Amino acid sequence: MNEPMIRVSHISKKYRLGQIGGTTLREQLQRLSAKVHHREDPTRPIGMRERPKEDFLALDDVSFDAAAGERIGIIGRNGAGKSTLLKLISRVTAPSEGMIGLNGRVASMLEVGTGFHGELTGRENIYMNGAILGMSRKEIDSKIDSIIDFSEISRFIDTPVKRYSSGMYVKLAFSVAAHLDSEIMIMDEVLAVGDMAFQRKCLEKMNDVSHTGGRTILYVSHNMDTIRRLCDRGIVLDHGKLIYDGGAEDAISLYTEQRTDQAVRITEMSDLPRMKGVSRKVSFVSADTGSDSGIYSCDDDMAVTFALSSSVSCDDMRMMMVLISKDGTRVGMTETPPFSVHEGDNSITVSFPCRGLADGSYYFEISLVHRPHLYMGERCDGISDVLPFSIRNTEVFGITSERWLRNWGHVMLSPLSVTAQS
């Protein structure tokens, strides 16, 4: 039996939450002196109380093997431990417990621009990345034309990469990782940036290097469509634990049901994770759907009452709702007309029409935007992955066949008109 390309054996990763140590040797010595003489820590910010150190287990006893040529999708909610696992396998950080064995060189893309030097040109970064992966200059010379052609940025290849857009970063970084001679390829949400045509090109390339070159691929994404198209095996993580390892389609089904099986009438939102860059001057406090089951049909309207808290009084507030299916597809977006809020507690009720939705499970991404002008707006608050609900149209159509209902996709289009001609 061949040795697996990757062997992950009972690994755990523990982090210490809160501020750890000082930023300089001087601060460390001041802290130590205060502790020895039973005095208050002089480096502690004013008003901050001493809190007990708390450990956070990002990964908890995870084990699996990956053979040559396997394409494994790693999926789970935010905070499940996916990126931590890839960092451990890529040797970016070390596990607190357990062992990781690698049988081959690793090419990894953990985030946009990882391993690039901003002052170097795209061409120089290709050589630098190749050298880091252990390739000789002769090997890189033989492939550099293919790398540049695949990246579609040949016009800018001799420009410093600090001037590249995020899409250009991804194109070049992926092209380097895909063409260099590594036996293991690790990708973390790299296809979230870039145009659709290049995303398809990347998926085709990963399929090709896996089938023909026997390369093992670990791929993390929240886009279930790319997982389904690329991977033949799926691993599901939940709160740092491996809860499923098997077929990709079954892994996707388990993950999507996790996202949508927790419909509750009232959702407290004050402590939910926020999107980046929100001001929180107007923020979500809670949401009440008025439904204990969270099940609707295409004849229903979903009425949600939101409790809001505002530190200011302002007009021209809008609420945006992005409808997302359980497989991560963004079905559509809508927004409210402008409304006003006053300082303190506020309440608004939004009626979302379910007309046209096919059977399935859905959830929302919601935002509060202050938009005093058409082209100017401030995102005051934003929450992803909330208000799960299901559409069941059995009573409307009298159809119970799940296979028939799945044929609709996400949207039931209006009936076709036809004109018969003799």
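The values are calculated or read from the model by the stated rules, or taken from the named source; none is laboratory data. This one's a predicted model, so the numbers in the text were calculated from it and none came from an experiment. Methodologically, a virtual Cβ is constructed for each residue, glycine included, from the backbone with ideal geometry; neighbour enumeration extends over all protein chains shown.
Okay, here's what the table says:
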{"item": "Of all residues in region 212-257 being modelled with pLDDT under 80 and under 19 Å from A178 (Cα atoms), the one that is surrounded by the fewest Cβ atoms within 10 Å (Cβ to Cβ)", "result": "T212"}
{"item": "Residue within region 303-326 that is in contact with a helix residue (DSSP H, G or I) (Cβ under 6 Å, 6 or more places away or on another chain) and either of a type outside the set (S, T, N, Q) or in contact (Cβ under 8 Å) with a residue 12 or more places away in the chain (or both) present", "result": "yes"}
{"item": "Qualifying residue in region 166-182 (condition: surrounded by fewer than 16 Cβ atoms within 10 Å (Cβ to Cβ), of a type in the set (S, T, N, Q) and without any contact (Cβ under 8 Å) to a residue 24 or more places away in the chain)", "result": "no"}
{"item": "Strands (runs of 3 or more DSSP E) fully within region 51-148 counting 2 or more residues that are more than 30 Å from K162 (Cβ to Cβ)", "result": "54-66, 71-75, 97-102"}
{"item": "Checking Q199 against (1) in contact with a strand residue (DSSP E or B) (Cβ under 7 Å, 6 or more places away or on another chain); (2) buried (at least 16 other Cβ atoms within 10 Å of the Cβ); (3) not assigned by TED's automatic domain parsing to the domain that holds Y362, the condition it does not meet", "result": "(1)"}
{"item": "Pair list, Cβ < 7 Å and 6+ apart or interchain, from region 135-149 residues that are more than 17 Å from Y169 (Cα to Cα) to residues that are at pLDDT below 90 and outside any helix (DSSP H, G or I)", "result": "M135/L180; M135/D181; E139/D181"}
{"item": "In region 315-341, residue surrounded by the most Cβ atoms within 10 Å (Cβ to Cβ) [restricted to those that are among the basic types (K, R) and part of a strand (DSSP E or B)]", "result": "R318"}
{"item": "Total residues in region 202-243, condition among the acidic types (D, E) and either within 23 Å of V62 (Cβ to Cβ) or touching a strand residue (DSSP E or B) at 6+ places or on another chain (Cβ under 9 Å) (or both)", "result": "2"}
{"item": "Selection count, region 363-410, where residues are more than 22 Å from D315 (Cα to Cα), over 29 Å from the mean Cα position of the chain (by Cα) and at pLDDT 65 or above", "result": "1"}
